[in-house]
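Worksheet for the structure shown next.
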Amino acid sequence: MAKWMKNGFLLSLFAIALIVGACSPKETAKPVVEDKKPEEVAAVNPSGDLAPLEKRAKVVIAEDGAASGAGFYIAKERGYFEDYNIEVEFAQFANSDDMLPALAAGEVDIAGGVSTASFFNAIGQGIDVKIIADKGHNVPGKSYFTLVIGNHMVDVIKEYKDLKGKKVGVSSHNSIDEYIFEEMIKYAGLTKDDVEFVLMSDFGSMLGAISNGTIDAAVNIEPLIATGVEKGFHVRFGDTTDFAPESQIAMVLGSPQFMAEEQDISLRFMAAYLKGVRDYNDGFIKGEGKDEIIDIMTKHTALKDPALWEKVNVTGLDPDGKMFIDDIKKQYDAYKANGAIRGEIDFDKAIDTSITEKAVEAIGEYKR
């Protein structure tokens, strides 16, 4: 199985009430694959590449309005799924514990997974889902998930080692949040005993806590980072890529049925998704058509203020879907070292980038 390496949302911003969505039955009939040369196919297909499905298919995506779902939203709004005769439906779940079994059962085709010990435990205990593409990483120097320090600490914390003896808010244990915290502490030459870990499950509550001095620093997320800077509560400190340059924060997950039995559909779905991700990169990285991309993001995500989109550090999304696979394994090892992992994972089975690679072959590599 081919896997990509790369030298390269977690949660919705403000409190979002997630409703467990009832998934509609899917059409799973397979299209006839026409024997045509690529140039002949491109001349007659609306997508300019792969032929549309002969029979319309529905793909159900578990998505909650997180910014890391940009590729799905943009592809839907710009008709990339329609070009392949695919209808997408967004389903909401109360939490990932509900989402993973639904994904494994094929009730949901695609979902976003955030790195946690419970996620790996679910796979290790038999929940069959496939990790297939990037859905969130930090952009060097512009991390969307990074450390902030209170304004009352700007004259005290000048270097990472100055975190010694300070209170740092972190949203969860045995998760990407704590993994980044631990990488930061190691980079500072400190131990976990040198810094007070303050568990704060709500990112929003970190703003008030850092403002009133209850905590000195926090590992927080956009757009709350930009909001706190604007309100004078905290400042960005360094960048997560200083000490965790290749942290894979979130991944696109596929159901086993969708990946193995419905490949004509999944290939076209992934091609459309990557086109959406590329438009996102064109807008936020290259500045091409940015206003229209922001309009789509305000429609589908919890961040409704277009002006704030100009100030946040946006989620990194690889336009070819590449992931930091070594880092995914490193996170698993970190959780295991903390005693949070039950069972073993065969990553050769759990990570399957074959559909993503085939989609890139069909639409071409992104011109950076």
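The condition (being over 17 Å from the mean Cα position of the chain (by Cα) and outside any loop (DSSP other than H, G, I, E, B)) is satisfied by just one residue among 225, 215, 249: 225.
Residues checked against (1) closer than 17 Å to residue 259 by Cα; (2) of a type in the set (D, E, K, R):
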| position | (1), (2) |
| --- | --- |
| 49 | no, yes |
| 57 | yes, no |
| 65 | no, no |
| 92 | no, no |
| 111 | yes, no |
| 128 | yes, yes |
| 138 | no, no |
| 144 | no, no |
| 156 | no, no |
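For segment 272-286, state whether one or more residues are among the basic types (Lys, Arg) and touching a Phe, Trp or Tyr at 6+ places or on another chain (Cβ under 6 Å). Within segment 272-286 (the criterion being among the basic types (Lys, Arg) and touching a Phe, Trp or Tyr at 6+ places or on another chain (Cβ under 6 Å)), the answer is yes, since at least one residue qualifies. Tallying residues that are of a type in the set (S, T, N, Q), under 17 Å from the mean Cα position of the chain (by Cα) and over 18 Å from residue 251 (Cβ atoms) within segment 70-111 yields 1.
Taking the criterion of being part of a loop (DSSP other than H, G, I, E, B) and of a type in the set (Phe, Trp, Tyr), the only residue of segment 58-91 that qualifies is 84. Filtered by the rule that a residue be open to solvent by 30 Å² or more (accessible area, probe 1.4 Å) and either among the polar types (S, T, N, Q) or touching an Asp or Glu at 6+ places or on another chain (Cβ under 9 Å) (or both), segment 342-368 gives 349, 354, 357, 362, 363, 365, 366.
Residues in segment 79-125 that are surrounded by 21 or more Cβ atoms within 10 Å (Cβ to Cβ), aromatic (Phe, Trp, Tyr) and over 16 Å from residue 350 (Cα atoms): 4 in all. Just the residues that are open to solvent by 20 Å² or more (accessible area, probe 1.4 Å), of a type in the set (Ser, Thr, Tyr) and assigned to a loop (DSSP other than H, G, I, E, B), please, taken from segment 162-190. 172, the sole residue that qualifies. The helices (runs of 4 or more DSSP H) located wholly in segment 283-367 that include 3 or more residues which are of a type outside the set (S, T, N, Q), over 21 Å from residue 260 (Cβ atoms) and touching a helix residue (DSSP H, G or I) at 6+ places or on another chain (Cβ under 8 Å) occupy 290-300, 306-309, 325-337.
Being over 29 Å from residue 154 (Cβ atoms), among the small types (Gly, Ala, Ser) and open to solvent by less than 10 Å² (accessible area, probe 1.4 Å), is that true of even one residue in segment 236-250? Looking through segment 236-250, at least one residue is over 29 Å from residue 154 (Cβ atoms), among the small types (Gly, Ala, Ser) and open to solvent by less than 10 Å² (accessible area, probe 1.4 Å). One residue stands out in segment 126-137 among those that are assigned to a loop (DSSP other than H, G, I, E, B) and closer than 27 Å to residue 277 by Cα: the one that is most open to solvent (accessible area, probe 1.4 Å), namely 128. I'd like the residue in segment 39-57 that is assigned to a helix (DSSP H, G or I) and open to solvent by 30 Å² or more (accessible area, probe 1.4 Å) and, out of all such residues, is modelled with the highest pLDDT. Looking at residues that are assigned to a helix (DSSP H, G or I) and open to solvent by 30 Å² or more (accessible area, probe 1.4 Å), I get 44. All conditions in (1) modelled with pLDDT of 95 or more; (2) buried (at least 18 other Cβ atoms within 10 Å of the Cβ); (3) within 19 Å of the chain's Cα centre (by Cα) hold for residue 67, with the sole exception of (1). Among the criteria (1) modelled with pLDDT under 80; (2) among the hydroxyl-bearing types (Ser, Thr, Tyr); (3) under 30 Å from residue 139 (Cα atoms), the one residue 28 does not fulfil is (3).
The values are calculated or read from the model by the stated rules, or taken from the named source; none is laboratory data. In this text the structure is predicted, and so the values were computed from the model without any measurement. With ideal geometry, Cβ positions are generated from the backbone for all residues, glycine too; neighbour counts draw on all protein chains shown. Keep in mind that these areas ignore ligands, DNA and RNA; they rest on the heavy atoms of the full protein, side chains included. Shrake-Rupley method; radii C 1.70, N 1.55, O 1.52, S 1.80 Å.
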